[in-house]
Structure formats: C-alpha cells, structure tokens
Amino acid sequence: MSEESLLDNALVRLDAAAAHLNIDPDVIEKLKFPRETTKVRLMIRMDDGSRKSFLAWRCRYDDTRGPTKGGIRFHPEADVDEVETLAFWMTFKCAVMNLPYGGGKGAVQVDPRTLSKAELERLSRAYMQAFARIIGPDRDIPAPDVYTNSMIMGWMADEYAQIVGRAEPAVITGKPIALGGSLGRGDATARGGFYLVRHLAEDLGLSKSMRVAVQGFGNAGQHIARLLVGDGHKVVAVSDSSGAVYSKEGLHVDVLLEAKANGKPVSSTAGQGGHELIDAKDLVGVDCDLLVPAALENMIHSKNAKTVKAKLVLELANGPVTPEADALLAESGVVVLPDILANAGGVTVSYFEWVQNRQGYYWTEEEIHDRLRTITEREGRAIWNVSREKDVTMRTAAYVHALGRLAEAIEAHGTQSFFTS
Ligand code: NAD
C-alpha cells in the first residue's frame, strides 16, 4: 500500500488528467486544496448518564459548480485526510455527471455498532447542531455514506428544521420516503453501476452470463449482487468485514440478503447451498469476469493487484484501487470503471431528491430509473469516447471529462472570486 496520504494519491489522478488538457495552472492550484474543513468535538449524553465526545468533520472541498454535496460517514477510523479525499472525489463525481454541485464530505470518528439507537440519534442530532451554520440547501447538502442510513438522515433533517424553524427537506438527501426521500434512492449507487456495465457491455466484450465477485456486502454490494443476478449473471464470491463465501456454481444471493437482513455476516451462510468459507483477503483474486469492490478505500493495492483475474473492475466503493494498483491492472489489460463514474448513481438520485424537494412534486420510481439511466449512459459514453480518442484508461478519461467542466466553471467565475467565493 502507498505511504502517501489518501489525498496525495487522489491528486495523482488530477495531474494525470491535466496532462491531457490545455488548462490554466490556476485551475489546478484551486483544485489541489480543500476550500474549508471544519473540525468539532461532539459531546453527547450516553444512556448510562455519562458524557462521551467524538471527533467530527465537515469538508466543503470546492463549490465552483454549485452547493457542495457529499455523504456523512460514521466510522471508527475516519480521519481528516479521508474526509478531504472523499470530498475531492465528490467534486469530480458531480462534475462527471454534470450535476450542479461542488464536492463535500463529513464524518464522525465512531463505531456506530457500539451505540444504542437513542445514543445514535443524539449523536446524529449533535452533528447537525454543530454544522448547521455550514449546511443548507444552497450551501452544503449531506447524504448517507458508510454506516449511516436514511433513518440517520431523517433525524438530521428534523434537527435542521428545528434549528431554522421551518421544514427544509432539501437540506439533506437519502431521507426516508415519508420525510421527502426519493423513490429509487436505496439502490441508486448499485443501479448506476449496473446501467453503466450494461451500456458498455458490447464495447467491453462482456458475456451475457458473467461470474461476479463482490467485496463488501452493505448497501452498494447487496444491491449490485441482486441486480446482476436478476440480469442472468452469477455471483460466485462475496465478503464483508467478518469473512467471505464462495461457490463456483453461484451463491444464493437471496440467502445472503436474508442473513444480512437478520444482522448476520455473509460467513454465517457457509454450508448452505454449496457456500464455502474463503479468506476475505482472497476475494480480490477469485476466478471471475467482473470484480466489484464495494467496501472501503485501498482494498486493491500493489501487493494483490496482480492476483486479479477479472477482466473488468466496477468501483462501487470510493477509492478502492491505489494508483500503483491502477498501473498494474492496466498492464494486465484489466479495465477499471472508476468510482467517480461507476458509483455516481447515488449522488445522481440524491440530486433528483433535492430537485423534487425544491419543486414539491415527486416522480415515480420508473421516472427516476429512466433519468438515472439516461445520465449514466450519456456520461459513460462520453468518457468511453475520451478514453478511445486519447488512448487512456477510463479513470483518466473520467478525470479529463470532469476537469474540463470544472476548469470552464472556475475560469467563468473570474479571478476576483477565485479564492474568496
Ligand atoms: P455500507 O456500510 O452499507 O457497507 C459497507 C460494507 O463493507 C459492509 O458490508 C462491511 O462489512 C464491508 N466491509 C468493511 N470492511 C471490509 C473489508 N475489509 N473487507 C470486506 N468487506 C468489508 O456502505 P455502502 O453505503 O455500501 O458503501 C460502500 C462503499 O461504497 C463506500 O466506499 C462508499 O463510500 C461507497 N459509496 C456508497 C454510496 C451509497 O449511496 N451507499 C454512494 C457512493 C459510494
């Protein structure tokens, strides 16, 4: 694994893209650093009456193209480098999809599994109290990320409404449907990736029945497994934080989904329907056509990249492949559909949610799917074309595509607002 910081690794991609565009160096200078990152210590009352504090951050990386947008992660290893890097990726992801947003991200350093539901609610409300001055429908719009969900977004939206004294559903996305959430948000991240793979299948020479391995079996991982199986593919391996299972004949995804719904790890299905236990570390090298990293950052690195047997990697996680591994995968002829395109379905449907909240008129699930498919195919095709024309990887092509839009917006703002907007 690289010893560089996560943000340094991310910036390697920015430099690679800049080499293919004739843009003002001032643009790169602006995009190399986050505009603002706020750190606070949240103090909450625990159920036993004691007080406990947690570190929390909100980063607004760049708002040139619109209000900053990005999830809030609850994770014991969250840190400021991760938050700023995720916010950098959001800046590019929103530009890739041409959404009228900049990039942001937030986190609390906590293992939410150690909190009771009431403590989790107090922590979520404390986050909104601390950051309400920064957040807002025209300023910064959070959403769920790792270990946060629609229930938490609902509590935060409610807290914000109490602070400003009016209902303001567009302040946060990924809310429960009852509080102004959008149909189709639940599986949007996986669905965007699924539409992308289907759209490029012929160009990529993919078969109608692929063997798939999925790393991480949370929101993104579970939905992609379900969607791919529904389309005639076979999921041969899945992992989560406590283990992995494999079946050459194809795992029973319904059994895995049921185990997760009951709070059990995927390894608990071992022995059922031919599911064999394997080491979670071996998942990356499983014999398959499509590998879907859907867990955390840096999971495919210089030590395991050469073990990848898949022809295609769909990055549903953010930053799962290090720059060193990227080069090794390209050398082996593995195509990587990069995170800022592959998992952008989530923020795209979040954008639809925000639009619906603001207009007070709600779309059907079919309309959401159609609009998501249209945007994914349009931007996916444009990036595919850049990659062919410039003979670069899909990742560099995606950064070139996004950087062109960001540069245009930064230049259009003019120099006066360059660092002060
Ligand atoms: P989640 O919390 O629902 O699931 C994460 C999964 O990863 C869990 O199953 C967990 O057990 C597993 N995991 C953790 N460490 C692991 C390890 N070492 N090996 C294997 N599995 C491990 O989170 P999610 O929302 O599905 O997000 C997953 C990834 O997708 C993250 O990188 C996130 O930033 C990205 N993402 C999510 C969305 C979204 O809308 N949910 C949108 C864009 C990107």
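For the structure I just gave you, tell me whether Tyr147 is away from the ligand (no atom under 13 Å from the Cβ), hydroxyl-bearing (Ser, Thr, Tyr) and in contact (Cβ under 8 Å) with a residue 12 or more places away in the chain.
When the stated conditions are applied, Tyr147 does not pass them.
All but one of (1) assigned by TED's automatic domain parsing to the domain that holds Leu196; (2) in contact (Cβ under 8 Å) with a residue 12 or more places away in the chain hold for Ala327, so report the exception by its number.
Here Ala327 meets the rest and fails (2).
Filter the stretch 143-169 down to residues that are hydrophobic (A, V, I, L, M, F, W, C) and touching a strand residue (DSSP E or B) at 6+ places or on another chain (Cβ under 8 Å) and give me whichever is most open to solvent (accessible area, probe 1.4 Å).
Top of the filtered list is Val146.
Can you pull out every residue in the stretch 231-262 that is at pLDDT 95 or above, open to solvent by 50 Å² or more (accessible area, probe 1.4 Å) and more than 21 Å from Ser209 (Cβ to Cβ)?
Residues satisfying the conditions are Glu258, Lys260, Ala261, Asn262.
Quick one: Glu408 ticks every box in (1) within 20 Å of Thr68 (Cβ to Cβ); (2) touching a residue at least 12 places away in the same chain (Cβ under 8 Å); (3) not β-branched (Val, Ile, Thr) bar one, so which box is it?
Tallying (1) within 20 Å of Thr68 (Cβ to Cβ); (2) touching a residue at least 12 places away in the same chain (Cβ under 8 Å); (3) not β-branched (Val, Ile, Thr), Glu408 fails exactly one: (2).
Quick check on Gly180: is it surrounded by fewer than 19 Cβ atoms within 10 Å (Cβ to Cβ) and on the phi > 0 side of the Ramachandran plot?
In short, no.
For the stretch 134-142, check the following and say yes or no: at least one residue is farther than 23 Å from Ala407 by Cα and either of a type in the set (Ser, Thr, Tyr) or crowded, with 20+ Cβ neighbours inside 10 Å (or both).
Within the stretch 134-142 (the criterion being farther than 23 Å from Ala407 by Cα and either of a type in the set (Ser, Thr, Tyr) or crowded, with 20+ Cβ neighbours inside 10 Å (or both)), the answer is yes, since at least one residue qualifies.
Considering only residues that are exposed (fewer than 15 other Cβ atoms within 10 Å of the Cβ), of a type outside the set (Gly, Ala, Ser) and in contact with a Ser or Thr (Cβ under 9 Å, 6 or more places away or on another chain), which ones fall in the stretch 13-28?
Once the filter is applied, which keeps residues that are exposed (fewer than 15 other Cβ atoms within 10 Å of the Cβ), of a type outside the set (Gly, Ala, Ser) and in contact with a Ser or Thr (Cβ under 9 Å, 6 or more places away or on another chain), the stretch 13-28 yields only Asp26.
Restricting the stretch 120-144 to residues that are part of a helix (DSSP H, G or I) and without any contact (Cβ under 8 Å) to a residue 60 or more places away in the chain, which is farthest from the ligand (Cβ to nearest atom)?
Gln129
Cβ-Cβ under 8 Å, sequence separation 6+ or interchain: first residue in the stretch 302-318 and over 13 Å from Val214 (Cβ atoms) and in contact (Cβ under 8 Å) with a residue 40 or more places away in the chain, partner hydroxyl-bearing (Ser, Thr, Tyr) and more than 16 Å from the ligand (Cβ to nearest atom). Which pairs?
Ser302/Ser2
Among the candidates Arg378, Arg371, Arg358, Arg395, single out the residue that is basic (Lys, Arg), touching a residue at least 60 places away in the same chain (Cβ under 8 Å) and within 26 Å of Ser182 (Cα to Cα).
Arg358
Counting just the residues of the stretch 66-97 that are more than 12 Å from the ligand (Cβ to nearest atom) and either assigned by TED's automatic domain parsing to the domain that holds Ser241 or of a type in the set (Phe, Trp, Tyr) (or both), which one comes out nearest to Leu196 (Cα to Cα)?
The selected residue is Phe92.
Give the residue that is nearest to Lys390 (Cα to Cα), with candidates limited to residues of the stretch 22-49 that are outside any strand (DSSP E or B) and within 24 Å of the chain's Cα centre (by Cα).
Step by step, filter the stretch 22-49, then rank; the result is Ile28.
Trp384 versus (1) closer than 20 Å to Lys93 by Cβ; (2) open to solvent by less than 10 Å² (accessible area, probe 1.4 Å): which is the lone unmet condition?
In the conditions (1) closer than 20 Å to Lys93 by Cβ; (2) open to solvent by less than 10 Å² (accessible area, probe 1.4 Å), Trp384 misses (2) alone.
The values are calculated or read from the model by the stated rules, or taken from the named source; none is laboratory data. Since the structure is predicted, the reported quantities are computational estimates derived from the model, not experimental observations. Neighbour counts are summed over all protein chains in view; Cβ atoms, including those assigned to glycine, are modelled from backbone coordinates with ideal geometry. Quick note on the areas: whole protein, heavy atoms, side chains included, nothing else; ligands and nucleic acids left out. Shrake-Rupley method; radii C 1.70, N 1.55, O 1.52, S 1.80 Å.
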